[in-house]
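Student: Dropping a structure here in structure tokens format, bear with me for questions.
The values are calculated or read from the model by the stated rules, or taken from the named source; none is laboratory data. Note that the coordinates shown come from a computational prediction; the quantities given were computed from them, not determined experimentally. Cβ coordinates were reconstructed from backbone atoms using ideal geometry, including for glycine residues, and neighbour counts include every protein chain displayed.
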Amino acid sequence: MIAKPIISAAEAAGKIKEGDTLMVGGFLACGSPHTIIHALKDLGTKNLTLVCNDTAGHDFKSGRVTGVGYLVQTKQFKKMIVSHIGLNQETQRQMNSGETVVDLVPQGTLAERIRAAGTGLGGFLTPTGIGTEVEAGKQVIVVEDRPFLLELPLHGDVAIIKAKKADKAGNLVYNGTAQNFNPLMATAASLVIAEVEEIVEIGEIDPNTVHTPSIFVDFLVKSERLEW
Amino acid sequence: MDYVANKEIIVKRIAKVFKTGEVVNLGIGLPTQVANYLPKDVTIILQSENGMMGLGPAPAKGSEDRDLTNAGSAPVTVQTGGCFFDSATSFGIIRGGHVDYTVLGVLEVDQDGNLANYKIPGKMVPGMGGAMDLTTGARVVIAATLHFEPTGGSRMKRRCTLPLTAAREVDMVVTDLGVFEVRGGRFHLVECFEPYTPEWILERTDADITVSNDCRIVKID
């Protein structure tokens, strides 16, 4: 197998260009690539479109920020495609003031749109959202007397994801609920950068336990920050 | 009689709904507490939409694992025999009808089974998270809520006014006054909690409610 370049978090952040659609793994900061997130914050790249489950946390009272919330705070997104913003008051503020566009997508639909992009599908039919605002502007297709919404694939220019362990080829193993959107995003972006806690030699991961096949991963970054 | 809001009675009653072996997803907030009141002789399997089957209780202080959380990002444990999966699999489980019950919080719930709980336009917009998929996919949808809003109006309505999370998906509403089934465009009161009476509830709820013939007056403890 071919070894993938191991780069610094700053180098990884430098591969994300102004205007890119950026996929960020994690669920309320659990399983997010925190080292790369902070490098991107330091670099300050703007006008990004975020694709993430949520915008993690930002509590005005305590001042506590978590995960991708740091990039919301620095206003690096022009648009956010997420399922949940309830724990991030800054996202809600930016949405209500009109500074940033927030596109709320049901969580299962978001996951499946990313999966569809990564697996060559032209979209999928889901019952989720029928009879709600989510239906607006979408094609309704009736299959065996039941209405479904046609949902389209969601691609990224760059995905930054987080795994527990990689071998140098880029095979990834996740841990616990830190898996979440990471394996889906690994398949759905033109460039995939995996932040991992441990990098082992090729052959040291049992092929039976690999979650994300190495071919999806372009670059590896060693985690230096695990706190949310 | 005076009304005193009582969240505990809601979660205690919902905890009696399930049978051993059933797969249940508990929403964040009030529904999460249902797990603390399950009868000793009932073993259910808790699904967590962030990617886990076999959700366990919170860990002891000091032994939290940053890679092991519930869907509200609180530290949890995994039960023996549990497993983890990605978000597409998690929602495949949910939409695919493999979850027996989902229990969700409420801003408004109406007599057609509509539920609103993700958005107050211009004010509070937390987002739907997994709630739309859960209400669409789960076999039984239970809405858990205090009967009255802080301003005094009933959360059970004739018609929801807020953007819907779920259209005609709610099967049962459990409040701190009783248990209501949703059928035929009406609420059906099937259990009334002491010290309240069906008449007292009907007078104060702005919705069409039929008192079931076999409606029981029960004491929840």
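Student: Do we find that residue A:133 is surrounded by fewer than 19 Cβ atoms within 10 Å (Cβ to Cβ) and either at pLDDT below 95 or within 14 Å of another protein chain (Cβ to nearest Cβ) (or both) in this structure?
Tutor: yes
Student: Which condition does residue B:81 not pass, out of (1) on the phi < 0 side of the Ramachandran plot; (2) surrounded by fewer than 20 Cβ atoms within 10 Å (Cβ to Cβ), if it passes all the others?
Tutor: (1) is the only condition that residue B:81 fails.
Student: Residue B:95 - would you say it is without any contact (Cβ under 8 Å) to a residue 12 or more places away in the chain, facing chain A (nearest Cβ under 7 Å) and of a type in the set (D, E, K, R)?
Tutor: Working: without any contact (Cβ under 8 Å) to a residue 12 or more places away in the chain: no; facing chain A (nearest Cβ under 7 Å): yes; of a type in the set (D, E, K, R): yes.
Here the answer is no, as residue B:95 does not meet what is asked.
Student: Going by what's in this entry, would residue A:200 be described as β-branched (Val, Ile, Thr), over 17 Å from residue A:3 (Cβ atoms) and away from chain B (no Cβ under 14 Å)? Full working, then the answer.
Tutor: Working: β-branched (Val, Ile, Thr): yes; over 17 Å from residue A:3 (Cβ atoms): no; away from chain B (no Cβ under 14 Å): yes.
Taking the combined requirement at face value, the residue does not satisfy it.
Student: Out of the residues in the stretch B:100-117 that are surrounded by fewer than 23 Cβ atoms within 10 Å (Cβ to Cβ) and under 20 Å from residue B:18 (Cα atoms), state the one that is nearest to the other protein chains (Cβ to nearest Cβ).
Tutor: Among those residues, the one meeting the criterion is B:105.
Student: If you take the residues in the stretch B:160-176 that are more than 13 Å from every other protein chain (Cβ to nearest Cβ) and under 27 Å from residue A:146 (Cα atoms), which one is surrounded by the fewest Cβ atoms within 10 Å (Cβ to Cβ)? Quick ask: steps written out before the conclusion?
Tutor: Going through the stretch B:160-176, the residues more than 13 Å from every other protein chain (Cβ to nearest Cβ) turn out to be B:161, B:171-176.
Those left that are additionally under 27 Å from residue A:146 (Cα atoms): B:161, B:171-173.
On the way: B:161: 9, B:171: 18, B:172: 22, B:173: 28.
Restricting to residues being more than 13 Å from every other protein chain (Cβ to nearest Cβ) and under 27 Å from residue A:146 (Cα atoms), the top hit is B:161.
Student: Same structure again: Please go through the stretch B:69-88 and give me each residue that is outside any loop (DSSP other than H, G, I, E, B) and small (Gly, Ala, Ser), ordered by number. If you could, list the steps in order and put the result at the bottom.
Tutor: First, the residues of the stretch B:69-88 that are outside any loop (DSSP other than H, G, I, E, B): B:69, B:75, B:77-84, B:87-88.
Of everything in the stretch B:69-88, those that are outside any loop (DSSP other than H, G, I, E, B) and small (Gly, Ala, Ser) turn out to be B:81, B:82, B:87, B:88.
Student: Now for a separate question. Any residue that is more than 16 Å from the chain's Cα centre (by Cα) and either at negative phi or more than 14 Å from chain B (Cβ to nearest Cβ) (or both) - is there at least one of those in the stretch A:181-192? Let's see the steps before the verdict.
Tutor: Keep residues of the stretch A:181-192 that are more than 16 Å from the chain's Cα centre (by Cα), which gives none.
Among the residues of the stretch A:181-192, not one is more than 16 Å from the chain's Cα centre (by Cα) and either at negative phi or more than 14 Å from chain B (Cβ to nearest Cβ) (or both), which makes the answer no.
Student: Has the stretch B:2-11 got at least one residue that is in a loop (DSSP other than H, G, I, E, B), small (Gly, Ala, Ser) and under 12 Å from the mean Cα position of the chain (by Cα)? Working first, answer last.
Tutor: Going through the stretch B:2-11, the residues in a loop (DSSP other than H, G, I, E, B) turn out to be B:2-6.
Retained after the next criterion (residues that are small (Gly, Ala, Ser)): B:5.
From what's left, under 12 Å from the mean Cα position of the chain (by Cα): none.
Checked the stretch B:2-11: no residue is in a loop (DSSP other than H, G, I, E, B), small (Gly, Ala, Ser) and under 12 Å from the mean Cα position of the chain (by Cα).
Student: Of all residues in the stretch B:34-52 being touching a helix residue (DSSP H, G or I) at 6+ places or on another chain (Cβ under 8 Å) and crowded, with 18+ Cβ neighbours inside 10 Å, which is farthest from the other protein chains (Cβ to nearest Cβ)? Reasoning before the result, please.
Tutor: From the stretch B:34-52, those touching a helix residue (DSSP H, G or I) at 6+ places or on another chain (Cβ under 8 Å) are B:34, B:36-37, B:46-52; that's our starting set.
Still in the list and also crowded, with 18+ Cβ neighbours inside 10 Å: B:34, B:46-52.
Details: B:34: 20, B:46: 13, B:47: 12, B:48: 7, B:49: 7, B:50: 5, B:51: 5, B:52: 5 Å.
The residue in question is B:34.
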